[in-house]
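The values are calculated or read from the model by the stated rules, or taken from the named source; none is laboratory data. In this text the structure is predicted, and so the values were computed from the model without any measurement. So basically every Cβ, Gly included, is an ideal-geometry build from the backbone, and we count neighbours across all protein chains shown.
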Amino acid sequence: MTRDIIDINDFIILVEEAKVNEATIDSCTFDEPLIAVAFYGSGNVDLKVKYGDKLKEFNHTTGLALSFYADDKVEFIHTVSSSKPLECLVIATSIKVLDKLPNQEGELFGEMLTQLVNPSDHYVEGPHFIMTPEMQAIVEGLFNIQYNGKTKMMFFRSQITTLLSHFFGQLASLKTEKISTQERGQLNQAKDILLKNIDNPPSLNELSKQIGLNTFKLKKDFKAYFGVPVFKYLQNERLTLAHKLIRNRDATVQEAAWHVGYDSLSSFSNAFEKKFGYRPSQIK
C-alpha cells in the first residue's frame, strides 16, 4: 500500500494505491479543511465517508469522479481486497488559497462548486459522476507513468491540469443537460451491465429494457453523462482492458483480443492503433 503527497501550484495531490491478498481497511483523514476532487481508477473499491454520526457509502467506485469539502473531523475508509485494489487520485486545495490558483482555476471552483466553497457541515458532497473515457485514460496513465525524475514530474503536472479541465468541462455539460438522479442511476446500471458483459454485450434494445429507459433517452443521456455514445464507451473500455492485459503480460495479443470480445485479430489491432496510436504488438 502506497500513499504519496505532491504539491503542485497550491494543489495538494494525494496518490493512493493498494494491492492486497486479504481484505484490508485503509483509512485517510486531512489535517486541514480542503476542497477536493477524488478520481478512482480500476478496482471498484468500497468507500465509506464518516463524519460525526453520519455515514456515506459508495460501493461502485471504478471511474468515479467525486467532489467534496472535508475538514479534520472526516474519515475516508476504503475496504481493499484482492479483487478490489485501490487506485485513488485526490486533487485538493484549501479555501484560503483559491484566489492564488493559476489559470483562473479558483474562479471555476467558486462558480461551479459553490456548496463546497461555502460548506455547511464537516463533509459536504459536491457533484459526482462517472469519468469520460478521456479522463479515465489520464487516471490510468498517472498510475502507470513510465518516466522518472524531472520528466515524471513534468508529465504528472501537465496531466493533473488536463484532468481538472476535463472535470469542469464535464460538470458544465451535466448541468446543461440536467439529467435527473434517477436517470443517472439507470445510466450507471447500463454501464455496469456493459462492463460485466464486455466480451458479449446486450443489444441497445436489450440494454434499454434491462434498465427501464427507452432507447432514445438511453442514447441521448448516456452520451451526455459519459461523454461518448454507448458502444463507443464499450469499445474504449474493451481496448483499455486489452492494453492492460498485454502490458502486464497477463495475455498475449490474441488472447487479449478474445478476452474483450474481438473475433478478428486484424479488427482488434486496427481499433487498438486508432485509439492508442500504435499496434498492440508494439507494447513493451
| request: Could you tell me whether any residue of the stretch 247-256 is under 24 Å from Met135 (Cα atoms) and out of contact with any helix residue (DSSP H, G or I) (no Cβ under 6 Å at 6 or more places or on another chain)? | output: yes
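Suppose we filter Tyr40, Tyr51 for residues that are among the hydroxyl-bearing types (Ser, Thr, Tyr) and more than 25 Å from Ile138 (Cα to Cα); which single one remains?
Working: Tyr40 fails: more than 25 Å from Ile138 (Cα to Cα).
The unique qualifying residue is Tyr51.
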| said: Suppose we keep only residues that are surrounded by fewer than 17 Cβ atoms within 10 Å (Cβ to Cβ) and of a type outside the set (D, E, K, R) within the stretch 68-80. Which one would you say is farthest from Ala23 (Cα to Cα)? | reply: Ile77
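Starting from residues that are outside any loop (DSSP other than H, G, I, E, B) and hydroxyl-bearing (Ser, Thr, Tyr), keep the ones in the stretch 110-142 and report whichever is surrounded by the most Cβ atoms within 10 Å (Cβ to Cβ).
Initial filter on the stretch 110-142 (outside any loop (DSSP other than H, G, I, E, B)): 110-112, 114-117, 123-130, 133-142.
When the remaining residues are screened for being hydroxyl-bearing (Ser, Thr, Tyr), the result is 114, 123.
On the way: Thr114: 10, Tyr123: 19.
Restricting to residues being outside any loop (DSSP other than H, G, I, E, B) and hydroxyl-bearing (Ser, Thr, Tyr), the top hit is Tyr123.
Out of the residues in the stretch 24-54 that are part of a loop (DSSP other than H, G, I, E, B) and among the charged types (D, E, K, R), which is surrounded by the fewest Cβ atoms within 10 Å (Cβ to Cβ)?
Per the stated criteria, the residue is Asp53.
Okay, residues lined up against (1) part of a loop (DSSP other than H, G, I, E, B); (2) surrounded by 14 or more Cβ atoms within 10 Å (Cβ to Cβ):
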| residue | (1), (2) |
| --- | --- |
| Thr161 | no, yes |
| Ser165 | no, yes |
| Phe168 | no, yes |
| Leu174 | no, yes |
| Ile179 | yes, yes |
| Gln182 | no, no |
| Lys191 | no, yes |
| Leu194 | no, yes |
| Asn200 | yes, no |
| request: Can you give me the number of residues within the stretch 82-109 that are at positive phi and either part of a helix (DSSP H, G or I) or at pLDDT 75 or above (or both)? | output: 0
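Take the residues of the stretch 154-169 that are of a type in the set (A, V, I, L, M, F, W, C) and in contact (Cβ under 8 Å) with a residue 24 or more places away in the chain: which is farthest from Ile283 (Cα to Cα)? Step through it out loud before you land on a result.
At the first step, the residues of the stretch 154-169 found to be of a type in the set (A, V, I, L, M, F, W, C) are 154-156, 160, 163-164, 167-168.
Checking which are in contact (Cβ under 8 Å) with a residue 24 or more places away in the chain leaves us with 156, 160, 163-164, 167-168.
On the way: Phe156: 21, Ile160: 24, Leu163: 24, Leu164: 28, Phe167: 29, Phe168: 32 Å.
Here the residue is Phe168.
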| task | Go through the stretch 87-114 and give me each residue that's without any contact (Cβ under 8 Å) to a residue 24 or more places away in the chain and either within 15 Å of the chain's Cα centre (by Cα) or within 21 Å of Thr181 (Cβ to Cβ) (or both). | result | Thr114
| field | Flag if Thr62 is surrounded by 14 or more Cβ atoms within 10 Å (Cβ to Cβ), modelled with pLDDT under 90 and not in a helix (DSSP H, G or I) | value | yes
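Which residue is farthest from Leu194 (Cα to Cα), if the candidates are limited to the stretch 213-265 and must be among the polar types (S, T, N, Q) and part of a helix (DSSP H, G or I)? Even if it seems obvious, please write down each step before you answer.
So in the stretch 213-265, the residues among the polar types (S, T, N, Q) come out as 214-215, 235-236, 240, 248, 252, 254, 264.
In the following step, the residues that additionally are part of a helix (DSSP H, G or I) were identified as 215, 235-236, 240, 254.
Details: Thr215: 15, Gln235: 10, Asn236: 12, Thr240: 14, Gln254: 22 Å.
Filtering first and then ranking leaves Gln254.
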| said: Being over 27 Å from Pro127 (Cβ atoms) and among the basic types (Lys, Arg) narrows it down to one residue among Lys196, Lys191, Lys244, Lys223; which is it? | reply: Lys244
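Test Phe222 against the stated conditions and say whether it is under 21 Å from Met135 (Cβ atoms), of a type in the set (Phe, Trp, Tyr) and touching a strand residue (DSSP E or B) at 6+ places or on another chain (Cβ under 8 Å). Give the steps one after another, and end with the answer.
On the way: under 21 Å from Met135 (Cβ atoms): yes; of a type in the set (Phe, Trp, Tyr): yes; touching a strand residue (DSSP E or B) at 6+ places or on another chain (Cβ under 8 Å): no.
Answer is no for this residue.
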| note | Note on Thr151: of the conditions (1) at pLDDT below 90; (2) closer than 25 Å to Lys244 by Cβ; (3) in a helix (DSSP H, G or I); (4) of a type in the set (Val, Ile, Thr), unmet is (1)
